[in-house]
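Some notes on the structure that comes next.
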Amino acid sequence: MSAPAPASASTSTTVTTACPLDCPDACRLEVVVEDDRIASVDGAKDGAHPLTDGFICAKVRRIAEHVHGGDRLLHPMVRVGAKGEGRFERVSWDEALQRVAESLIETRARHGAPAILPFSYGGSNGLLTQDTADARLFHRLGASLLERTVCAAPSGAAARGLYGRVPGVALEDYVHSRLIVLWGMNPQASGIHLVPVIKAARAAGAKLVVVDPRRTGLAAGADLHVPVRPGGDLPLALSIIHWLFESGRADAAFLAEHATGVEVLRARAALWPIERAAAESGVAAETIERFARLYADAAPAAIRCGWGVERNRNGGSAVAAVLALPAVAGKLGVRGGGFTMSNGGAFGYAPLRAAAAPVPKGVRSVSMNQLGHALTELSSPRIHHLFVYNANPDTTIPDQERIRAGLARDDLFTVVFEQVMTDTALWADVLLPATTFLEHDELARGYGAMVTNRMRPVIPPVGEARTNLAVFDELARRVGVAKDDDVTEPDALIDAIVATGDPDGRLAIELQRDGIARGTPEGAAPPVLFHRGVLPDTPGGKIRLVPEHLDREAPGGLYHYAADPGTPAFPLALISPASERTISSTFGQLIEGQVPIAIHPDDAGARGITTGDVVRVWNELGEVRCHARVDDALRPGVVSLAKGIWARHTLSGTTSTALCPATLTDIGRGACFNDARVQIERGEAGRPGSP
Ligand SMILES: Nc1nc2c(c(=O)[nH]1)N[C@H]1C(S)=C(S)[C@@H](COP(=O)(O)OP(=O)(O)OC[C@H]3O[C@@H](n4cnc5c(=O)[nH]c(N)nc54)[C@H](O)[C@@H]3O)O[C@H]1N2
Ligand SMILES: Nc1nc2c(c(=O)[nH]1)N[C@H]1C(S)=C(S)[C@@H](COP(=O)(O)OP(=O)(O)OC[C@H]3O[C@@H](n4cnc5c(=O)[nH]c(N)nc54)[C@H](O)[C@@H]3O)O[C@H]1N2
Ligand code: SF4
Ligand SMILES: [Mo]
């Protein structure tokens, strides 16, 4: 045993890097490193980032507990217990990789390559750690393709359909707004750097409207809270569009010059007079009308559309209707006016092209939202090899109990490549330890903040963790699909990725010099749509209010409303919004104790439920037993259990996804988390598993 190094020998350095986690803000970070360990992390104070401003969220300030904590995977392991039991034995990298390579080769030989299903999402990954070396391996093998549609697919399809790939209102430009609408978005949890901008705008007289079934912190202090029923946004937004046309507040001149589909949208919105929309959306008619007037009267008016709007059967049409509002009301063309959905379109990188890993044609694709079905029912061929990385599907994908039934199959070989022992990792046959963004090179663009960040490792890999790039390239060699001219060095691959989205070479220079590149050249203000020649990236530069391809895709046509899926047996709508403590399920291991389900006092009272009671929440898909918290911030008829909590946070070991249907949205094939309809009853406090 070696003696501990004397304290005086310790070195402390401060390194600048950035956060790639699934959050709009893409913060620039200052990391204090002591003896190759993360000592502390905070927001950079150098002013290079438009939003960070020296502070970051509480989650990432605790990231040292994720990187160096007891749940970290430190070396490769193979399963020794039963499936899902979580008993593993340490092996060498060579042995682990050999087992994985052999399974890939054998699966392809016996069942055909589509029997291999790579499963990743990569919301918290940058552009180097997904769609590069992994794609070279799986695309060249001919593995099943994965539709990565758990999030942002419907909203992205709607935004691109109407406006093309253009960035929306820069978040820092919200200071210029006179009215800010937060529509299905809760920045206090999901993107905190918008909060001070909203405060500054309000201090200068701006009004705030929040459209959310919950009275969130920002809604509580807003000028108007619109407590929409989950899934009720489509009738709500259409009724405002209808009101704008009927009351002469639509901008006819702007629409005539800059939009197509005006009459079709107008006719479809006409089905939704305010009274009818009130009944369907659960918002009082007076509230809708007040909202419509506030919006029509204010300029500049900005709508920050969040991802709470898309997670239901009407999600794509609902986002399209919300994004049509600024066009109809003539709110575009001024700084602080318009809409923001994702600003990822400020940069157009093509990692697959840079990595020479094109998507193969004619290969089967599987929806990630229907993983349970894929593992239990899909045939021709059946899935025999599941490779999970950059995702935690046991926790985050709808229909949890069916996914678990699939993961339990003895004839399924499961690889999980992870940083920590997640609930999915417990199901692995082979577990591979992955580096975190503090241990590898990365290139990440913000989808709120219009920046690209170039990150370099600030500490060496913890334990035997390896990077995605290293592992996938090694596997490609072992299964015989690597090519001599594959770019495998992180620096060179990042340069190649930057080059795909950098026509004038400015980004490469800024990234090299500062580690950050902005969406606009130095000194220039962020772009404003319909200002100084910035036009929609659509044919003719026009807004397409009813894009033909979306109209064809949506059952019943775009803007067609499908009724609430509630039934007398399952009358309560379950939502599972982002919480301050996790990013999706990342950092869940750091939440101590149980996580309760929130329920309105009326619904609780009718069922004899009080705070702290054990309750059973169920529907036809599954059941969760957990504690209740009575909370009048919810609208009646809605219950809420945080997204991303782990099995350990409920008494039953099941979470909200056990109650979420694997149905798909109207456009974009997105997930319908907020279409979960449930019943809830008080359980006996003494049931097994309760504390
Ligand atoms: N701290 C933290 N930050 C995160 C994340 C996280 O998990 N934690 N996740 C990241 C990711 S992956 C994403 S996609 C974003 C998501 O961040 P947001 O866009 O904020 O999305 P959600 O948290 O899903 O929902 C936002 C709000 O919509 C409300 N809501 C639910 N259903 C409806 C509805 O039908 N209509 C309307 N109008 N509102 C509804 C919820 O009550 C919630 O307050 O945040 C990112 N940032
Ligand atoms: N109930 C409910 N569930 C939801 C939602 C909801 O609204 N309600 N929303 C959904 C949304 S918006 C999203 S985006 C999804 C996200 O769901 P997931 O894509 O499953 O995201 P995470 O839960 O963050 O899991 C990412 C995992 O990847 C690992 N990881 C990170 N970086 C690397 C890397 O470089 N290499 C490797 N090998 N691994 C890495 C992390 O440790 C983490 O465990 O969740 C969805 N789940
Ligand atoms: S999660 Fe968001 S707020 Fe937190 S450090 Fe990362 S980018 Fe910033
Ligand atoms: Mo997401």
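Under the condition of being open to solvent by 50 Å² or more (accessible area, probe 1.4 Å) and either in contact with a Ser or Thr (Cβ under 8 Å, 6 or more places away or on another chain) or within 28 Å of LEU475 (Cα to Cα) (or both), the residues counted in region 489-517 number 4.
Only one of the listed residues (PHE387, PHE437) is at pLDDT 95 or above, within 11 Å of ligand 2 (Cβ to nearest atom) and in a strand (DSSP E or B). That residue is PHE387.
Among (1) away from ligand 4 (no atom under 16 Å from the Cβ); (2) out of contact with any Asp or Glu (no Cβ under 8 Å at 6 or more places or on another chain); (3) in a loop (DSSP other than H, G, I, E, B), where does PRO565 come up short? Answer for PRO565: the failing condition is (2).
All of (1) over 28 Å from the mean Cα position of the chain (by Cα); (2) part of a helix (DSSP H, G or I) hold for LEU238 with one exception: (1). Does region 285-305 contain at least one residue that is crowded, with 23+ Cβ neighbours inside 10 Å, among the charged types (D, E, K, R) and closer than 28 Å to SER656 by Cβ? Yes, the conditions are met somewhere in region 285-305. Taken over region 534-555, the residue count meeting the criterion of being open to solvent by less than 70 Å² (accessible area, probe 1.4 Å) and part of a loop (DSSP other than H, G, I, E, B) is 8.
Residues that are among the hydroxyl-bearing types (Ser, Thr, Tyr) and in a loop (DSSP other than H, G, I, E, B) were ranked within region 640-668; the one that is farthest from ligand 1 (Cβ to nearest atom) is SER652. Of all residues in region 426-439, none that is not assigned by TED's automatic domain parsing to the domain that holds ARG466 and within 16 Å of ligand 4 (Cβ to nearest atom) has its Cβ atom under 6 Å from the Cβ atom of a residue that is open to solvent by 10 Å² or more (accessible area, probe 1.4 Å) and in a strand (DSSP E or B), 6 or more apart or on another chain. Screening SER177 with (1) of a type in the set (S, T, N, Q); (2) within 16 Å of ligand 4 (Cβ to nearest atom); (3) assigned by TED's automatic domain parsing to the domain that holds LEU194 gives one miss only, at (2).
Note on region 153-215: enclosed helices (runs of 4 or more DSSP H) holding 1 or more residues that are away from ligand 3 (no atom under 16 Å from the Cβ) and closer than 18 Å to CYS23 by Cα are 153-163. Scan region 50-60 and tell me whether some residue there is aromatic (Phe, Trp, Tyr) and either touching a helix residue (DSSP H, G or I) at 6+ places or on another chain (Cβ under 6 Å) or within 11 Å of ligand 3 (Cβ to nearest atom) (or both). Taking every residue of region 50-60 in turn, at least one turns out to be aromatic (Phe, Trp, Tyr) and either touching a helix residue (DSSP H, G or I) at 6+ places or on another chain (Cβ under 6 Å) or within 11 Å of ligand 3 (Cβ to nearest atom) (or both). For region 412-441, a tally of residues being farther than 27 Å from LYS83 by Cα and crowded, with 24+ Cβ neighbours inside 10 Å returns 2. If you filter region 471-486 down to residues that are over 26 Å from the mean Cα position of the chain (by Cα) and open to solvent by less than 50 Å² (accessible area, probe 1.4 Å), you find that the one that is farthest from TYR389 (Cα to Cα) is ASP486.
Number of residues in region 234-269 that are open to solvent by less than 50 Å² (accessible area, probe 1.4 Å) and of a type in the set (Gly, Ala, Ser): the value is 6.
Can you confirm whether ASP42 is at pLDDT 95 or above and not in a loop (DSSP other than H, G, I, E, B)? When the stated conditions are applied, ASP42 passes them. Scanning region 45-76 for residues that are open to solvent by 30 Å² or more (accessible area, probe 1.4 Å) and not in a loop (DSSP other than H, G, I, E, B) yields ALA58, ARG61, GLU65. Working only within region 372-411, note down all residues that are within 18 Å of THR422 (Cα to Cα) and in contact with a strand residue (DSSP E or B) (Cβ under 7 Å, 6 or more places away or on another chain). Listed by number, the residues that qualify are LEU386, PHE387, VAL388, TYR389, ALA391, PRO393, PRO398, LEU407.
The values are calculated or read from the model by the stated rules, or taken from the named source; none is laboratory data. None of the values given here were measured: they were computed from a predicted structure. No Cβ is skipped: glycine too gets one built from the backbone with ideal geometry, and neighbour counts run over all protein chains shown. Side chains are part of the model used for accessible areas, which takes the heavy atoms of the whole protein and leaves out ligands, DNA and RNA. Shrake-Rupley method; radii C 1.70, N 1.55, O 1.52, S 1.80 Å.
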